[in-house]
Every structure is written in structure tokens, then in C-alpha cells.
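Asks: Sharing a structure below in C-alpha cells format, with a few things to ask.
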Amino acid sequence: MANESKTIYAIFGRPNSEKQWAFFESKARYTCYGGARGGGKSWATRVKAALGALTYAGIRILILRREYGDMEGTIISPMLKMLPPEAFAYNKTDHMVTFINGSTIKFGNMPGYGAAVQGKYQGQEYEWLFIDEATQFLESEFRGLAAIVRGANDIPKRIYLTCNPGGPGHGWVKRLFIDKKFKDGEDPKDYVFIPATVDDNKDLMDANPEYVKQLEQLPEDIRRAHRFGDWNILAGIFFKEFQDGVHTCTPFAIPRHWKRYRAMDYGLDMFFCLWIAVDETGRCYVYREFAQSDLVVSDAARKQLELTRPDEAVMGTIAPPDMWARSRTDGKTQAAVFAENGVGLIKAGNNRIQGWSMLKEMFKLREDGKPSLIIFETCRTLTDCLKALQHSQKIPNDVSLEPHGITHGPDALRYFAATYILNAEKENEEVEEEEEYSRADYRSYMCGGHISRGYIAG
């Protein structure tokens with residue numbers, strides 16, 4: 001560490017706390033640093049990355065954050081100012097620093113949520129990965145990104161995380177680094193947590209003593225999290241009852257006679273569709289998911305049909321009620337466009353509180369020890385989003401609308417839960433007609449000309 005120390009002193013200045021030194025010296029596969037605001041995480045990130053680039057010739061380093069713009073003032077600009085000008089070149093278009101020894105530091109982002117976004121970095125290789133504000137990432141994203149840390153060389157493979165309590169990733173970060181509740185295949189020796197608060201950041205305390213007063217004035221729960229790094233305060237997980245292995249299962253072949261439905265949430269930012277099968281006892285299984293952004297309405301409908309096998313007799317596709325709102329340009333509804341492309345839609349109710357309550361009811365265990373709703377383990381984006389949902393601070397029985405990117409899959413499931421439970425016993429009821437279609441057209445679009453028991457009327 002002696003040579004590294006000299007490099008740090010000469011170029012970047014001396015670390016101002018034992019916590020920062022511990023971060024620099026950690027040799028664990030996964031090192032998580034922080035836990036409270038003002039702990040010196042940004043300085044530690046940019047210095048540790050720059051030090052790695054200068055120490056290991058040819059190393060490839062990726063610094064990642066949810067939104068790229070958030071890094072500009074905290075990581076990128078300060079790093080460029082502290083580096084010796086003769087030692088590097090910065091390509092603003094590629095967001096990459098290239099050093100004279102062949103090392104690179106790339107700044108990246110993942111503005112969306114879910115497995116589809118991970119494809120942005122699939123196939124790439126890095127020796128070091130920094131995930132800034134790691135609690136803004138889902139666990140599936142974290143695991144997917146961890147797979148790109150590889151390479152056939154002697155450079156140590158490391159992943160560094162910095163974060164505060166709260167956010168959609170609060171649960172998995174707390175499990176791994178705070179509670180240390182490991183699953184099969186997770187080696188406890190790989191995970192190190194270095195807690196740091198503003199009290200550890202001597203430079204900030206000297207330069208801005210008022211910062212502590214600002215933290216002290218926050219609401220009590222926020223204060224305890226941001227001031228002292230209390231991970232138990234902001235653990236406002238909405239579906240605390242959800243458990244892997246209880247509410248999830250290994251995929252199996254769905255019997256042909258089981259009823260099948262689709263449930264969806266649509267927006268240009270994300271089209272999320274679920275395929276759900278119901279057995280003879282009314283137990284529901286989510287057996288397929290699809291999530292993709294930037295799909296126009298007609299393409300979303302076609303994709304839905306493309307992913308539905310010919311032998312799947314889907315009884316109905318449940319959709320949010322806003323899809324029946326008329327366009328101001330041509331007066332057509334999104335539901336009409338879906339129908340024109342071969343997918344008739346069933347209008348779900350939009351009582352959010354009732355929907356979430358119904359979904360919680362389906363997560364309860366029956367007498368046989370299994371819940372009424374089980375999700376295939378292959379539907380990782382849905383389960384990750386369910387586990388990440390937080391309580392609304394304004395309406396306790398509702399979920400937080402932020403970050404919006406993780407709400408699409410749960411919303412689709414909410415539409416199904418509410419619609420299925422409220423209408424499962426209805427049979428042969430009159431279907432409310434839309435103005436665009438006659439009753440014959442409706443039956444043709446929706447269910448092949450026949451409304452049978454179990455069909456969910458909109």
C-alpha cells in the first residue's frame with residue numbers, strides 16, 4: 001500500500017478518514033461504502049477509480065449511475081480536474097477517459113429498469129465496476145452487471161457500490177451488506193460494508209459545518225437514515241409478505257385445460273405484459289413476462305400475439321382503463337388499435353387501493369401452505385419490481401409512484417388481481433359495449449364470438 005499511498009498524496013490529497021482508507025484497501029469482490037449523506041462517497045469513488053487506472057496498466061473501469069447527468073458534477077468534472085493533464089485524454093462523446101498506460105474509465109448509465117436495459121452492457125468486459133447510488137438499482141440489474149466484471153488477466157476483479165438507505169434497491173443492499181442474510185451460492189467473504197456518516201468526512205465538516213444542521217432538521221425518519229445511516233427506517237417495502245420460494249416456483253408445463261389470461265400496462269416508456277394461468281382451484285401462476293420500451297401501440301399488440309403460442313387459448317387481455325381514452329388527433333382509443341391488430345382488451349378497474357389490497361390477498365397462504373398467486377422464477381423483472389416497491393409517504397395503502405420505472409409490472413398484476421377476483425364468479429353477464437363496435441364485433445374481437453364462464457367482462 002506504500003506506493004499507492006504516495007500516489008494518492010501526490011495527486012489527490014490524503015484520505016480524510018479511516019473509512020475512506022478501508023474503502024481503498026478492501027480486496028473483497030463486492031465492497032459497499034456509505035450509508036448516510038455527506039460520508040465522502042463521491043470523492044472516494046473518483047479517487048479509487050483514478051488510482052486503479054494509474055496502478056493497473058490496461059485496466060477497464062466502468063462507473064455507472066441510474067441517470068448520467070447526475071454524475072457530471074459529482075464524479076466526472078471533479079475527476080478531470082484532479083488528474084494530471086499529461087496523463088489522460090477525455091472523449092466527451094463516448095464519455096470515456098483514456099490514460100497513457102492504456103487504462104480506461106467509462107461513465108455509463110441505465111435510465112430504465114429491468115432485464116431489457118442490461119443488454120446495453122452485455123458482451124462488454126470490465127475489471128472494475130463502480131455502481132454509484134446502488135440502491136437505485138434492482139437486484140436483477142446488479143447481478144446482470146456483475147457478470148460483465150471479468151477478463152483473462154491478473155487484474156483483480158472488483159465491484160464497488162456507494163449508496164444511502166432508501167430507494168427501490170434498499171432491500172437487497174440491506175440483505176447482503178447490512179443484515180448479511182445470504183442465499184445459496186453467495187459467499188459471505190465476498191461482501192464487505194464500510195459505513196460512513198458526515199462525521200467521518202472531516203473536510204466537509206470543516207468546510208461546511210452548517211451541513212450537519214441541515215441534516216438534523218429533516219423529518220425524524222429521514223434524519224435517522226440520512227444523518228446516521230439507519231437502514232431500518234426507510235425499509236418501507238410495500239409487499240413485505242413476498243418471499244422467494246414461497247411466492248415463486250420453478251417453471252413447469254402449464255396444463256392445456258387451465259384458463260389463461262394476459263394482463264398488461266402500456267406506455268411508450270414501457271410496455272409490460274404478463275401471461276397468467278389459473279388452475280382448477282383458482283390458484284394463479286404468472287408464467288411469462290415481457291417488458292420493452294418505445295413500442296408504439298400496434299407494435300405492442302403484435303408483440304403480444306407473437307409471444308403467445310398457437311396452443312394457448314387466452315380468455316382475455318386485461319388492460320388499464322386509460323387505454324379507452326380517445327386521442328385528440330383522430331378520436332381513436334388505444335384499445336381500438338389493439339383490437340384492430342387482433343387483441344381485444346378488457347377494461348380493468350382503476351381503484352388503486354382496492355387493487356393492491358386484492359393482490360395482497362392473493363399473496364396470503366392457503367390451508368395447503370401455498371399462496372393463491374405464484375410467479376415463475378423466470379419472471380425476474382416482475383419479482384424484482386414487486387420486492388422494490390415502496391409505500392407511498394402520502395397514502396400508506398398505496399405504493400410510491402417513484403421511481404416510475406418499477407411500477408409497470410406490478411400495475412399489470414394489480415389489474416389482473418382486482419379484475420379476476422371481482423369478476424371470477426360472474427357468468428354470462430351482459431358486456432358493456434364500446435361505441436366503436438357492435439355486440440357481434442365485440443364478441444369476435446374479445447372471445448371468438450362466445451362469452452363463456454370465466455371470461456372477465458369489462
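The values are calculated or read from the model by the stated rules, or taken from the named source; none is laboratory data. Because the structure is a prediction, the values reported are computed rather than measured. Neighbour counts run over all protein chains shown; Cβ positions are idealised from the backbone, glycine included.
Asks: If a residue must be over 25 Å from the mean Cα position of the chain (by Cα) and assigned to a helix (DSSP H, G or I), how many such residues does the stretch 50-83 contain?
Replies: Looking only at that region, the number is 12.
Asks: Contact list please: Cβ distance under 7 Å, first residue in the stretch 177-194 and under 15 Å from Phe142 (Cα atoms), second residue part of a helix (DSSP H, G or I) and of a type in the set (A, V, I, L, M, F, W, C), pairs at least six apart or on different chains.
Replies: Cβ pairs passing all conditions: Tyr191/Leu176; Tyr191/Phe177.
Asks: Looking at the stretch 306-319 only, could you name the residues that are under 26 Å from the mean Cα position of the chain (by Cα) and surrounded by 14 or more Cβ atoms within 10 Å (Cβ to Cβ)?
Replies: Leu307, Thr308, Thr317, Ile318, Ala319 - these are the residues of the stretch 306-319 that are under 26 Å from the mean Cα position of the chain (by Cα) and surrounded by 14 or more Cβ atoms within 10 Å (Cβ to Cβ).
Asks: From the list Thr419, Thr407, Thr333, Thr381, which one is buried (at least 18 other Cβ atoms within 10 Å of the Cβ) and either of a type in the set (Asp, Glu) or touching a Lys or Arg at 6+ places or on another chain (Cβ under 6 Å) (or both)?
Replies: Being buried (at least 18 other Cβ atoms within 10 Å of the Cβ) and either of a type in the set (Asp, Glu) or touching a Lys or Arg at 6+ places or on another chain (Cβ under 6 Å) (or both) holds for just one of Thr419, Thr407, Thr333, Thr381, which is Thr333.
Asks: Out of the residues in the stretch 216-249 that are at pLDDT 65 or above and in contact with a Ser or Thr (Cβ under 9 Å, 6 or more places away or on another chain), which is farthest from Gly349 (Cα to Cα)?
Replies: Asp244
Asks: Also, quick follow-up: Identify, please: which residue in the stretch 20-50 is of a type in the set (A, V, I, L, M) and modelled with pLDDT of 90 or more and is, among those, farthest from Ile178 (Cα to Cα)?
Replies: Ala50
Asks: Any residue that is without any contact (Cβ under 8 Å) to a residue 12 or more places away in the chain and either on the phi > 0 side of the Ramachandran plot or not assigned by TED's automatic domain parsing to the domain that holds Leu305 (or both) - is there at least one of those in the stretch 251-262?
Replies: No - not one qualifying residue is present in the stretch 251-262.
Each row is one residue, and each column tells you yes or no for (1) touching a helix residue (DSSP H, G or I) at 6+ places or on another chain (Cβ under 9 Å); (2) acidic (Asp, Glu); (3) crowded, with 17+ Cβ neighbours inside 10 Å.
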residue: Phe238; (1), (2), (3): yes, no, yes
residue: Thr250; (1), (2), (3): no, no, no
residue: Phe271; (1), (2), (3): yes, no, yes
residue: Trp275; (1), (2), (3): no, no, yes
residue: Tyr287; (1), (2), (3): no, no, yes
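Asks: Then there is this: Please state which of the following conditions Gly69 fails to meet, knowing it meets all the rest: (1) in contact (Cβ under 8 Å) with a residue 24 or more places away in the chain; (2) under 30 Å from Gly409 (Cβ atoms).
Replies: The failed condition is (1).
Asks: In addition: Of the conditions (1) more than 28 Å from the chain's Cα centre (by Cα); (2) at pLDDT below 90, Trp324 clears all except one; give me its number.
Replies: That leaves (2) as the condition not met.
Asks: Turning to a different aspect of this structure: So in the stretch 355-400, with the set limited to residues that are at pLDDT below 90 and acidic (Asp, Glu), which one is nearest to Val286 (Cα to Cα)?
Replies: Asp384
Asks: Run Asn397 past the list (1) without any contact (Cβ under 8 Å) to a residue 40 or more places away in the chain; (2) out of contact with any strand residue (DSSP E or B) (no Cβ under 7 Å at 6 or more places or on another chain); (3) not β-branched (Val, Ile, Thr) and report the number of the one that doesn't hold.
Replies: (1)
Asks: Further question: Across the stretch 257-287, what is the total count of residues that are outside any loop (DSSP other than H, G, I, E, B), within 19 Å of the chain's Cα centre (by Cα) and not hydrophobic (A, V, I, L, M, F, W, C)?
Replies: 1
Asks: Would you call Glu139 acidic (Asp, Glu), at negative phi and at pLDDT below 90?
Replies: Yes; evaluated as a whole, the condition is true for this residue.
Asks: Among the residues of the stretch 60-110, how many are of a type in the set (Ser, Thr, Tyr), modelled with pLDDT under 90 and surrounded by fewer than 17 Cβ atoms within 10 Å (Cβ to Cβ)?
Replies: Of the residues in the stretch 60-110, 1 are of a type in the set (Ser, Thr, Tyr), modelled with pLDDT under 90 and surrounded by fewer than 17 Cβ atoms within 10 Å (Cβ to Cβ).
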